[in-house]
Amino acid sequence: TSNPVDPAPSNGRMKQAGNKGDDDDKYEKIRRQRSSFLQISCVSFILLIAAGFLTSGRTLSETEEAIVSAERGAQRAARNLIRREARGSEGQAEVEAQVESQATVQRDLRPVQADDEPRTVTPGVLSEEELAARVEDLDAEVRKIKANLPDGAFMETDPTALGATGKLQEATRELLARRYGPKEPYRVRVVLEFQDTISDFKEKGPQGSLLLEMAPSKLVPHSIFSFLEIARNWKGGAFHRIAGHVLQVMVKGRNGRPLAFQEYSPEFPHKKGTIGYAGRPSGPAWYVSIMDNSRNHGPGSQQQKNPHEADSCIGKVIEGFDTDVQRITKTSGSGFLSDKKKHVLIKEMQILVPGEGSEAVDGYVPWTSSETSVNTP
């Protein structure tokens, strides 16, 4: 006599009554295992989506939307898995197809490489080229905001402008550390050539030099970076203005450009012996203060319209102020010197960074490139 049977399931398969309890236990065990596995997979998948979105430059709101969407999809998949367990191999194949589909979406969220080849990328760490591009974009944004400021608004107080300049400063600090090394202060050796028009030429000859030390990057990173770029790409220039309060340098050609905004810190004022950017917008021309110019070049000093604006003060002379700076002041003539034979030429600007080794002098070595610099933590 045949065993009694249960009514046929929806897929037309027959179960023997004698095995029903064992089948139920087996089904429940498999259901729990697969449900747990799916939950763990879904959580991992959601976290990977978040990482993929954040490292690819998407906004926080876009990332949150993606996570919510993925979570809902995972919940639907979990419910469908339970329903499809009874279908056997057909249900398993469908679940595997869905998991593969989700993996495909996850792969699509990764940043696209130009050569479509995988590479190891540390989340949140950009290359020097990527940092430079980011700084350039933020620089352009600040210049645009400055050019379109409404009447009565100031870069130093406008919330939008402050937000943009703050982002530029932060990105520039990262680029400074990547290109020139994280150890500060940076220094620049200025190699001078006095011409035979100066009164003490026969006695002292043509040679001269100044050693400049940059301000901390936490104060004026945009100005420091601009100055180091001028030095890195130096193509010539000279002290061409002799005034009672400053000695000003002209920069030849397209070596450098004006600052994106008048970056200034009250923690580094224009004291005697400091260096600052000249003009509006400031730079690339720069000067040495031969007296205390904290008021002359501080906030609100250059015009009455903006009481907050100041020349950027970027560093100080730590060697040569009492010798070669004083010698420059003895140049024949005053003001802007039209006779180029009276200019004190700047033959070289050499960047120095903290380091050790055979080339080190007073704990500094010549900087050559970010790849060969010994200025590392």
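Among residues of segment 281-302 that are under 24 Å from residue 211 (Cβ atoms), those with a beta-carbon under 7 Å from a residue that is polar (S, T, N, Q) and in a loop (DSSP other than H, G, I, E, B) at least six positions away or on a different chain give the pairs 282/262; 282/312; 284/255; 290/329. Within segment 195-216, being surrounded by fewer than 22 Cβ atoms within 10 Å (Cβ to Cβ) and assigned to a loop (DSSP other than H, G, I, E, B) holds for 195, 196, 197, 198, 199, 200, 205, 206, 216.
For segment 193-216, the set of residues classified as under 11 Å from residue 315 (Cβ atoms) and among the small types (Gly, Ala, Ser) consists of 215 only. Report, by residue number, each residue of segment 237-256 that is touching a strand residue (DSSP E or B) at 6+ places or on another chain (Cβ under 8 Å) and open to solvent by 10 Å² or more (accessible area, probe 1.4 Å). Residues satisfying the conditions are 240, 241, 242, 243, 245, 248, 250, 251, 252. In segment 360-367 there is at least one residue matching the filter, namely being farther than 28 Å from residue 195 by Cβ, among the β-branched types (Val, Ile, Thr) and open to solvent by less than 50 Å² (accessible area, probe 1.4 Å). Residue count for segment 227-254 under the criterion of being part of a strand (DSSP E or B), of a type outside the set (A, V, I, L, M) and either farther than 26 Å from residue 180 by Cβ or without any contact (Cβ under 8 Å) to a residue 12 or more places away in the chain (or both): the result is 2. Considering only segment 262-345, give the strands (runs of 3 or more DSSP E) lying wholly within it that have at least 2 residues that are open to solvent by less than 70 Å² (accessible area, probe 1.4 Å) and under 23 Å from residue 168 (Cα atoms). Here the list reads 274-277, 313-319. Output yes when any residue across segment 138-158 is buried (at least 17 other Cβ atoms within 10 Å of the Cβ), hydrophobic (A, V, I, L, M, F, W, C), within 14 Å of the chain's Cα centre (by Cα) and part of a helix (DSSP H, G or I), and no when none is. Yes, because at least one residue in segment 138-158 is buried (at least 17 other Cβ atoms within 10 Å of the Cβ), hydrophobic (A, V, I, L, M, F, W, C), within 14 Å of the chain's Cα centre (by Cα) and part of a helix (DSSP H, G or I).
The values are calculated or read from the model by the stated rules, or taken from the named source; none is laboratory data. Just so we're clear, the structure is a prediction, and the values are computed from it rather than from any experiment. When we count neighbours, we look across all protein chains shown, and the Cβ atoms used for this are built from the backbone with ideal geometry, even at glycine. Areas reflect the complete protein model, heavy atoms only, side chains present, ligands, DNA and RNA absent. Shrake-Rupley method; radii C 1.70, N 1.55, O 1.52, S 1.80 Å.
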